[in-house]
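The values are calculated or read from the model by the stated rules, or taken from the named source; none is laboratory data. Quantities reported herein were computed from a predicted structural model and do not represent experimental measurements. Reconstructed Cβ throughout: ideal geometry from the backbone, glycine too, with neighbour counts over all protein chains shown. To get the accessible areas, we keep the full protein, side chains included, count just its heavy atoms, and leave off ligands, DNA and RNA. Shrake-Rupley method; radii C 1.70, N 1.55, O 1.52, S 1.80 Å.
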Amino acid sequence: EEHTVTPREISSSNIDITLRGLEAIREQGKGLMHFVESFRRLTSIPKPEMRQFSIMQLFNRVEVLIEPLEKSPGISVEFNRQLPDIKINADENLVSQVLINLIKNAVEANENNPKASIRISAGISDDKSPEICVSDNGPGIREENIENIFVPFFTTREKGSGIGLSLSRQIMGLHGGSLTVRSVPGKETIFCMKFRSRQ
């Protein structure tokens with residue numbers, strides 16, 4: 001049988017329990033909204049608007065866009081422009097998003113590395129495909145996690161969403177390319193964006 005609680009019957013303990021319950025509901029709601037937004041981003045990638053542009057042009061653009069990125073004084077981020085000017089056929093906005101995400105991940109992975117070095121370089125792979133690689137000398141990725149990092153919502157970071165790399169791999173797939181990683185824990189991690197061969 002329902003009983004209406006009068007003001008006199010409300011104790012500080014009851015108020016505390018109610019507030020904790022409401023806070024739990026609020027946090028659960030925030031988590032659910034975050035999940036829905038992340039899922040929406042995974043399933044609503046726009047079709048790439050392809051055009052030809054140079055990787056050096058992309059580097060110049062991304063270097064400006066990552067300037068506000070919070071990074072500790074010990075982190076060095078360097079774009080290697082010593083290679084021939086390679087052109088790719090891609091959606092510059094989407095490819096910029098992938099490259100920024102890879103750099104952001106490298107910065108976050110190296111927040112406790114006093115001599116962190118992040119390098120962004122371009123080249124031609126063994127199968128004659130243009131590629132962009134982001135390497136760092138940070139803690140690396142453990143072997144048991146190396147394949148899982150591309151699985152949606154898998155994350156090793158406390159505040160990570162687990163969709164960045166999955167989204168990035170999907171974007172590269174839409175370009176007919178790929179996103180791969182190799183890592184030696186405690187030494188280096190290299191993510192490579194490979195584009196469709198020019199041949």
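Some points to look at:
- Within the full protein context, the accessible area of VAL151 is estimated at about 70 Å² for a probe radius of 1.4 Å.
- Other residues with beta-carbon under 10 Å from the beta-carbon of MET193 carry, at +1 per Lys or Arg and -1 per Asp or Glu, a net charge of +1.
- Solvent accessible area, Å² - ARG20, 1.4 Å probe, full protein context: 140
- Applying 1/(1 + (r/R0)^6) with r as the Cβ-Cβ distance of ARG51 and SER125 and R0 = 25 angstrom yields a FRET efficiency of 0.70.
- Protein heavy-atom accessible surface, 1.4 Å probe, per residue over the stretch 62-199: 54 Å².
- When the C-alpha to C-alpha distance is required to be over 18 Å, the pairs from LYS115/LYS187; LYS71/LYS104; LYS47/LYS87; LYS87/LYS194; LYS128/LYS194; LYS71/LYS187 that qualify are LYS47/LYS87; LYS71/LYS187.
- Ranking by accessible area, most exposed first, for LYS47, LYS87 with a 1.4 Å probe: LYS47, LYS87
- Using a simple spin-label model with pseudo-atoms 7 Å out from Cα toward Cβ, LEU69 and LEU19 lie 4.1 nm apart.
- Among GLU78, GLU131, the order of accessible area from largest down is GLU78, GLU131, computed with a 1.4 Å probe on protein heavy atoms.
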